[in-house]
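The values are calculated or read from the model by the stated rules, or taken from the named source; none is laboratory data. Only a predicted model underlies this, so the values are computations on that prediction, with no experimental measurement involved. Here the Cβ positions follow ideal geometry from the backbone for every residue, glycine too, while neighbour counts run over all protein chains shown. To get the accessible areas, we keep the full protein, side chains included, count just its heavy atoms, and leave off ligands, DNA and RNA. Shrake-Rupley method; radii C 1.70, N 1.55, O 1.52, S 1.80 Å.
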Amino acid sequence: MIKGKVWKFGDNISTDHIAPGRYFHLRNNLEELAKHVLEDAMEDFAKRVKKGDIIVAGKNFGLGSSREHAARIIKIAGVSCVVAKSFARIFYRNAFNVGLPLIELKEVDEINQGDELEIDLENGILKDLTTGKEYRFNPIPRFLLEILKEDGIVNYLKKHGTFPRV
């Protein structure tokens, strides 16, 4: 079960918004790069986000380059989950590979900045504890849940010696 406060973003948040190109020299120091996560979309986000908080965004979150570190620094910053209307496909797979859960939800416009959410990944239920509304989303496939439980594909492979069954 995931529980956290909402940070709201709009449509088309790119990997350049997530990991600004001017900090490319920090790509081998992800802890430092995470101090700048999403600063081109919300200047003080990295300073104010707390462990467990949840990003809620519009459509096409993560578009742009295939920077795997974009998903990784969101996780390093403490974000427990990203909920959006839709995701860029490469970002979607990169996020699960680094152990960051993503949820597609059509009703994100009904969720507000600062709301408290509770998310049940296995059963596909998102509760807005602030408004009392409950939403259903397509449950995450079992093989992706197995990757999340091991905190990413590398840890999964180290532990099991093979990829999860699809």
Whichever residue in segment 78-114 is basic (Lys, Arg) and within 19 Å of Val6 (Cβ to Cβ) and, among such residues, is surrounded by the fewest Cβ atoms within 10 Å (Cβ to Cβ): Lys106
Per-region count, segment 17-34, residues more than 15 Å from the chain's Cα centre (by Cα) and assigned to a helix (DSSP H, G or I): 10
Filtered residues of segment 92-133 (kept if within 20 Å of Glu150 (Cβ to Cβ) and in contact (Cβ under 8 Å) with a residue 60 or more places away in the chain): Pro101, Ile119, Asp120, Leu121
Near pairs, Cβ below 8 angstrom, 6+ apart or cross-chain, from segment 1-30 (on the phi < 0 side of the Ramachandran plot) to any residue that is in a strand (DSSP E or B) and of a type in the set (Phe, Trp, Tyr): Phe9/Phe61; Ile13/Phe61
Which listed residue, of Phe137, Phe91, is under 16 Å from the mean Cα position of the chain (by Cα), of a type in the set (Phe, Trp, Tyr) and more than 19 Å from Gly10 (Cα to Cα): Phe137
Filter result (among the aliphatic types (A, V, I, L, M) and in contact with a strand residue (DSSP E or B) (Cβ under 6 Å, 6 or more places away or on another chain)) within segment 2-23: Ile2, Val6, Ile13
Residue in segment 35-54 that is modelled with pLDDT of 95 or more, open to solvent by 20 Å² or more (accessible area, probe 1.4 Å), in a helix (DSSP H, G or I) and in contact with a His (Cβ under 9 Å, 6 or more places away or on another chain) present: yes
Residues satisfying the stated conditions in segment 115-150, i.e. part of a strand (DSSP E or B) and either open to solvent by 80 Å² or more (accessible area, probe 1.4 Å) or of a type in the set (Gly, Ala, Ser) (or both): Glu134, Arg136
First in segment 144-166 and over 20 Å from Glu68 (Cβ atoms), second anywhere and open to solvent by 70 Å² or more (accessible area, probe 1.4 Å) and basic (Lys, Arg), Cβ under 9 Å, 6 or more apart: Arg165/Arg142; Val166/Arg142
Filtered residues of segment 2-34 (kept if over 21 Å from Ala88 (Cα atoms), at pLDDT below 95 and in contact with an Asp or Glu (Cβ under 6 Å, 6 or more places away or on another chain)): Leu26
